[in-house]
Number of protein chains: 2
Amino acid sequence: MASAMVANGDLSAVKFPAPATGRVAAVYSEVQNSRLDHALPLPSVLKNSFKVVEGPPSSAAGHPEEIAKLFPCVFGQPSTMLVPSQLGEFPSGQSLKIGVVLSGGQAPGGHNVISGIFDYLQNSCKGSTLYGFKGGPAGIMKCKYVVLTPEYIYPYRNQGGFDMICSGRDKIETPEQFKQAEETALKLDLDGLLVIGGDDSNTNACLLAENFRSKNLKTRVIGCPKTIDGDLKCKEVPTSFGFDTACKIYAEMIGNVMTDARSTGKYYHFVRLMGRAASHITLECALQTHPNITLIGEEVAAKKETLKNVTDYIADVICKRAELGYNYGVILIPEGLIDFIPEVQQLIAELNEILAHETVDEGGLWKNKLEQQSLKLFELLPPAIQEQLMLERDPHGNVQVAKIETEKMLIQMVETELEHRKQRGAYKCQFKGQSHFFGILYLILVFSIMFSPYRYEGRCGLPSNFDSSYCYALGYAAGVLLHSGKTGLISSVGNLAASVEEWTVGGTALTSLMDVERRHGKFKPVIKKAMVELNGAPFKKFASMREEWAINNRYISPGPIQFVGPVADRVNHTLLLELGAEA
Amino acid sequence: MASAMVANGDLSAVKFPAPATGRVAAVYSEVQNSRLDHALPLPSVLKNSFKVVEGPPSSAAGHPEEIAKLFPCVFGQPSTMLVPSQLGEFPSGQSLKIGVVLSGGQAPGGHNVISGIFDYLQNSCKGSTLYGFKGGPAGIMKCKYVVLTPEYIYPYRNQGGFDMICSGRDKIETPEQFKQAEETALKLDLDGLLVIGGDDSNTNACLLAENFRSKNLKTRVIGCPKTIDGDLKCKEVPTSFGFDTACKIYAEMIGNVMTDARSTGKYYHFVRLMGRAASHITLECALQTHPNITLIGEEVAAKKETLKNVTDYIADVICKRAELGYNYGVILIPEGLIDFIPEVQQLIAELNEILAHETVDEGGLWKNKLEQQSLKLFELLPPAIQEQLMLERDPHGNVQVAKIETEKMLIQMVETELEHRKQRGAYKCQFKGQSHFFGILYLILVFSIMFSPYRYEGRCGLPSNFDSSYCYALGYAAGVLLHSGKTGLISSVGNLAASVEEWTVGGTALTSLMDVERRHGKFKPVIKKAMVELNGAPFKKFASMREEWAINNRYISPGPIQFVGPVADRVNHTLLLELGAEA
C-alpha cells in the first residue's frame, strides 16, 4: 500500500497524440496503460526465416462435390504450414496493399489481430499500406476506410472492443455487392484482404476469395476465427479468439453468484449463458466454477430428453441437497437449450404451422390441432411461456425460440414439480429460484428489448493474456499467408497448450470447414458449427465430476482476470483438454 | 506464457482440511489461493505497544438532548485514539470471550474484519474465545454460533462473501429480543460483541451497548462500518468497507459498456447504479470512467430540478453530441434519483392520498383530484411508468418508489423530447437508448421480481487490496477497543490516504453519528446518512470536468480489479479527494 496516494484513473493517465479519428486523445486507466506495453511474444517460427509448406489437397466437412461446385477456383486447396528454413522464400522489399475488416459482434482481441498483421507488414514488407475498412463489410462495399499507421494502432494494443475501425453485420452477397467489393479492390489496388469474423463472415470471406479469383483479380482473401461462442474451430484451428476472455469473465460472475448462494443459503440461481446453439461457454464455465447442475444442450439432444426429464433431474438434485441441509445452489443453462429438446422443436413446428393458418380462439379450440404429445407439453408449460410462444413471432410468423426465457421457464417448472413432491412428502423445504442471463436479455411486451450489460462484459472486456497473444499471432500469420499469395484460407495457429514460442502457424482451406445447407431450393455453403463433443475430453471430465459437484459444494470462484502474476497466463480448460494437455 | 500447460481452476487447486462447517473441503481457484496468502499489513501503532487516549466528550449529529435521553449510559463518550507508548497498558495474559456478527447485506471484506479481531485476540489475549453468531442478529437471539478457530478462519482470508458465519437482516428491537440477547451474553459469558453492519445495524449495536450497560452486564459492544453504498461515514470514519471494491467492479462494467458504445457507435446507454438514497457510487464511478452525463441526486434536489429539467439536460447533451457526429453515449443514474426530485415526491404523496380513498375510474376522472402541477407531471410520464405508479403498492398501499425503473423512464422521456426537437429541426439523428441496472433489477407484473446479477458482482466479489487491509485493521482495532473495556463505539481507522503503516486507529462514539427521527409519535435514533456534499472535493472535481466529458469522449476503462502489480493498491477517488490527497 506504499503507493496509496494515487487514485486509479485519470490522474495517472496518459494522453496520446490525437490521431485523425479513432481513440481521439484517449485517456486511459492504469490497467489500460499497463496493457499497452504488455509484450506480445511471437511463435519462434515467425521470428526467424521460414518457408511455407503445403499438405495434401483438402476436401469439405460435408458434401464435398457440392462445395467443389460452389467454389470451383479455391476448393481443395491444401493446408499450409510454416517451417523454419535457412532461406526466407519471400521476395524482400516487396510492399503490399492490404485491407482489414472486422465483421459481426465484438470479441476480445480483435484489435490485436490488426496489430499483428500491421507489425508483419512493417517488419517484412516495408512500404506496405494497411487499410482499415470502417464499420464492417459495408466499409468494403462503400470504400470507407482509414489508412492505419503506428500512431493510429498503438492505443488499441491489448485493448477491448472493436472501436479501432468498428464492425458491422452487413454481408457481401448479391452480385451487385460483389461488384462493389471488386471496385474497392481495384480502386485501392488491394493485394489482399483480411476478414476477421465468425462462421458466416468466414464463409463470406471464402466467397469473396472465390469471386476475386474467378475475375482474375489479384486480391487474396484470408479469414480469421472470431467468436466468443467457441463454436468455430477444427483440428487446425483449435479455438476461436474471444472465447478464453469471455468464459473467464462469465466464470468470475458465476463465482460471485456462488459466493452469494453460499452466504445467503436460500436461493437457487439459474444462470443462462451465451453461446448460441452450442454449449461450449456453459461447459467451460462449469469446469472453471463447479456448479451444482449444468445442462449441456448437446447431451440433452443426444439422449432425446424431454422437458419433463430435465425438470425432474433438477428437482432430484434439489431434493437430495435438501436432505443434506443445502437449500441453495447454482445451475448453469446454455442459451440454446430449448433448441436441443426434440419435443419442444416438434411443438414449435406445429405451432408455426397452426398459427400461420388458424385464428387463435379464446376458448382454446385451436389447441386440438396439436398432436397429442405436443398438446401435453404445451399444457405443461407455465402460462407466461405459453404466452411468449403465442405472441412472439418473427417477421415470417415463426415462434422466436431465442426469446424464450429458458431459465425462467425452468424455474417455474421446477417449482411446480417440487410442489407435487411436497404434497406427497418427498420434499420439505422452500424453493426460491432466481434467474440471471449472462448474455443478451430479452424482455417482451412493454419493455421492448433490453440488453443485459453482461453482453458487454463478455464481448468488450480487456482481452486475457491468452487472447492477446493468440490474436497477435493470428494477425501476423494472416500477413504471411497474404504475402505468400494464399487465398481462401483461415489463419491457423496451433499447439496452443505449449508456450507461445512453440505455437505452430499456418493456414487452412476455408472450404475444408464447409458443408452445404439446402435453402430455397439451392445449396448454400456454411461453415459447420463445432458442437460440444460428448466423447471429447472437456465433456468427459465434466461428466466424471458432476455428481460430486451436485451434492457437495465444490464451488470455485475464479475471481477477476489477472494480467500479471502467476495466474495471468492460464488458458481455458476446454482448449487444454481438447489438446490433451490435461488428459 | 511459459506456464500455459496448467489450466486455471481445479487442477492446481488446494484442498483444505475440512472444518466442522464452513467452507467444507473448499476447492479454490488460483486467484482465491493467491489471495489467501496475500499479506495483510497492520498500521504501525498496532504493531508496537500503545495506549488508548481519549478526546473531549462527544455530542450527536442532531438533537443531542434527545439522543442523550435515549442513551443515558453511553451518550457523550469521548472518541478514543491509540498512540504509541513505551508501556502497553492492558493486562497481559487476560483472555476474553467475544462474539462477532455479520448484519445485513454482504460487502467485500467482511471476512477480513473477523480475521482481524481473531488475530488480535490470538496475539494479545491468549486463550480467548471468538464466537461467530450464525445468520446475523438472529444468531445472537437464538444463541446459534460457531467457535472460530485458526483452521476455520484461514480459508476466508481476503475472500468475498459473508459465508463464514452468514448474515441476516433481523433486528434486536423488542424488549423480548433484548432479553434473548442478554441471555446469550450471560450464557456465553461474553466480554464483548462486535457488530459488523450498516447504519441500522450500528444503531442497533449502540442500543445493545446501552442495554447491556444499563443492566450492568459486562458485555461491551463495538460496531464496524459496512456498506457498499458509502453513505456511512464521518470525520473519524472516512469510508465504509466494501465501497472501494464495489465501485471498482461497477466501474469495470461501465468501462466495458463504454467500449461497446464507442465500437457500435449508435446507442445511448443509461446505467442505473446502486447506492440507495445517496449518489456516492454513481459519483465515484463517474470519476473513474468519465461518462458523458452523470446525474447526482443530491444536486438535483439542491437545485430543485424538475423531471423536465433533467430530461432537457440529457436531450441538450445528446443534440450537441449529434452535431459533432457522436450518436452514442453513456449516462449514469443513481438508484435514488427519483426521490430527489421535489415534484415527483409531491406527485407520489398526492397519489398515495388519492388511491387510498378513491377508486380509479377508467375514464380518469380521479386525476382531477391531483394538484395542477402534479397532474401536469403525471401526464408527462410515459404510460408504462404511469401504470407502475398506479399498480405497484407496498402493503400499506403506498407507491413503491424504489421499483420505478428510472433509467427506462428517462429513456422514454428523452425519446419524446428528441422527437419534439426533430419536428422543429433542432435534432436530426436517431436516438436509441439502452438501459442497464447495476444493482437489483426490479421487473413488474408477469416477471415478478428478478435480481440482476450485478447485485452479486458488487457485493460478493473478492475484496480489493484496500478493502482487505482496511477491514483487517477495523477488526484488529475492534479487538483493542473491546479489550480496553470500551462500549458503544464504532471502530475507526483513519489517515487512509497514507500507507497502511501510517493509518490511525481508534473508536468513535456511535451516539455522535446519530440524530433522531419522529416515528409513531416517538423519537427514534438513526445514524445520519452521509450524502454527497456539493461543496466537497469529489463533487467539485466531477463538476469541473463534466462539460468536457459530455461533449468529448474521455471514456476510461478501469479494467478488472488487479491484485498484484502497480495498480493493485490504488484507492478510490472519493476517499482520496475527501482526505485532500488529490486536492
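The values are calculated or read from the model by the stated rules, or taken from the named source; none is laboratory data. The model shown is predicted, which means the values in this text are computed figures rather than measured ones. With ideal geometry, Cβ positions are generated from the backbone for all residues, glycine too; neighbour counts draw on all protein chains shown.
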Open item on the list: Being out of contact with any Lys or Arg (no Cβ under 7 Å at 6 or more places or on another chain), at pLDDT below 95 and not in a helix (DSSP H, G or I) is the requirement here; does A:P19 meet it?
Closed with: yes
- [ ] For B:V414, indicate whether it is surrounded by 14 or more Cβ atoms within 10 Å (Cβ to Cβ), in contact with a strand residue (DSSP E or B) (Cβ under 9 Å, 6 or more places away or on another chain) and not in a helix (DSSP H, G or I).
- [x] no
Task: Flag if A:C429 is touching a helix residue (DSSP H, G or I) at 6+ places or on another chain (Cβ under 9 Å), at pLDDT 85 or above and either farther than 30 Å from A:I318 by Cβ or not in a strand (DSSP E or B) (or both) - done: no
Open item on the list: For B:M531, only one of the following conditions fails: (1) under 18 Å from the mean Cα position of the chain (by Cα); (2) crowded, with 20+ Cβ neighbours inside 10 Å; (3) of a type in the set (A, V, I, L, M). What is its number?
Closed with: (2)
Task: Unique match (being within 14 Å of chain B (Cβ to nearest Cβ) and over 26 Å from A:I117 (Cα atoms)) among A:N535, A:N572, A:N552, A:N495 - done: A:N552
- [ ] Could you please find all residues in segment B:107-131 being surrounded by fewer than 24 Cβ atoms within 10 Å (Cβ to Cβ) and within 22 Å of B:N204 (Cα to Cα)?
- [x] B:Y131
TODO: Please tell me if B:E176 is in contact with a Phe, Trp or Tyr (Cβ under 8 Å, 6 or more places away or on another chain), of a type in the set (D, E) and outside any loop (DSSP other than H, G, I, E, B).
DONE: no
Task: Tally of residues being more than 14 Å from every other protein chain (Cβ to nearest Cβ) and either part of a helix (DSSP H, G or I) or closer than 21 Å to B:S29 by Cα (or both) across segment A:264-291 - done: 3
- [ ] Write out, first by first residue and then by second, each pair whose Cβ atoms fall under 6 Å of each other, whose residues are 6+ apart or on separate chains, and whose first residue, in segment B:357-386, is charged (D, E, K, R) while the second is at pLDDT below 90.
- [x] B:E358/B:W366; B:K369/B:I354
TODO: Give the residues of segment A:191-209 that are surrounded by fewer than 24 Cβ atoms within 10 Å (Cβ to Cβ) and in a loop (DSSP other than H, G, I, E, B), sorted by residue number.
DONE: A:D191
- [ ] State which residue is modelled with the lowest pLDDT when the search covers only segment A:247-288 and only residues that are buried (at least 24 other Cβ atoms within 10 Å of the Cβ) and of a type in the set (F, W, Y).
- [x] A:F270
- [ ] Scan segment B:160-189 and report the pairs whose first residue is of a type in the set (S, T, Y) and whose second residue is assigned to a helix (DSSP H, G or I), with Cβ atoms within less than 6 Å and a gap of 6+ or a chain change.
- [x] B:T184/B:I140
- [ ] Could you identify the single residue in B:S435, B:S464, B:S452, B:S448 that is within 14 Å of chain A (Cβ to nearest Cβ), more than 29 Å from B:C319 (Cα to Cα) and at pLDDT 60 or above?
- [x] B:S464
Task: Members of segment B:215-261 found to be assigned to a helix (DSSP H, G or I) and away from chain A (no Cβ under 13 Å), listed by number - done: B:F243
Task: Odd one out for A:A39 among (1) within 14 Å of chain B (Cβ to nearest Cβ); (2) buried (at least 17 other Cβ atoms within 10 Å of the Cβ); (3) assigned to a loop (DSSP other than H, G, I, E, B) - done: (2)
Open item on the list: From the list A:E501, A:E547, exactly one residue is within 14 Å of chain B (Cβ to nearest Cβ), surrounded by fewer than 17 Cβ atoms within 10 Å (Cβ to Cβ) and in a helix (DSSP H, G or I). Which is it?
Closed with: A:E501
TODO: Give the residues of segment A:135-150 that are of a type outside the set (S, T, Y) and touching a helix residue (DSSP H, G or I) at 6+ places or on another chain (Cβ under 8 Å), sorted by residue number.
DONE: A:P137, A:I140, A:M141, A:K142, A:C143, A:K144, A:V146, A:L148, A:P150
Open item on the list: Restricting to segment A:207-231, count the residues that are in contact (Cβ under 8 Å) with a residue 40 or more places away in the chain and out of contact with any strand residue (DSSP E or B) (no Cβ under 7 Å at 6 or more places or on another chain).
Closed with: 9
Task: Residues satisfying the stated conditions in segment B:382-405, i.e. at pLDDT 75 or above and in a helix (DSSP H, G or I) - done: B:P383, B:A384, B:I385, B:Q386, B:E387, B:Q388, B:L389, B:M390
Task: Selection status of B:F212, farther than 20 Å from B:V516 by Cα and assigned to a helix (DSSP H, G or I) - done: yes
Open item on the list: Which condition from (1) within 24 Å of A:V31 (Cβ to Cβ); (2) surrounded by fewer than 21 Cβ atoms within 10 Å (Cβ to Cβ) is the one that B:T306 breaks?
Closed with: (1)
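Every residue, every condition in (1) farther than 28 Å from B:D260 by Cα; (2) more than 7 Å from chain B (Cβ to nearest Cβ); (3) modelled with pLDDT under 90; (4) surrounded by 18 or more Cβ atoms within 10 Å (Cβ to Cβ), yes or no:
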site	(1), (2), (3), (4)
A:A7	no, no, yes, yes
A:A26	no, yes, yes, yes
A:L46	yes, yes, no, yes
A:K51	yes, yes, no, no
A:G55	yes, yes, no, no
A:E65	yes, yes, no, no
Task: Test result for A:A530, part of a helix (DSSP H, G or I) and more than 10 Å from chain B (Cβ to nearest Cβ) - done: no
- [ ] Might you let me know whether segment A:296-305 holds any residue that is of a type outside the set (V, I, T) and within 16 Å of A:M413 (Cα to Cα)?
- [x] yes
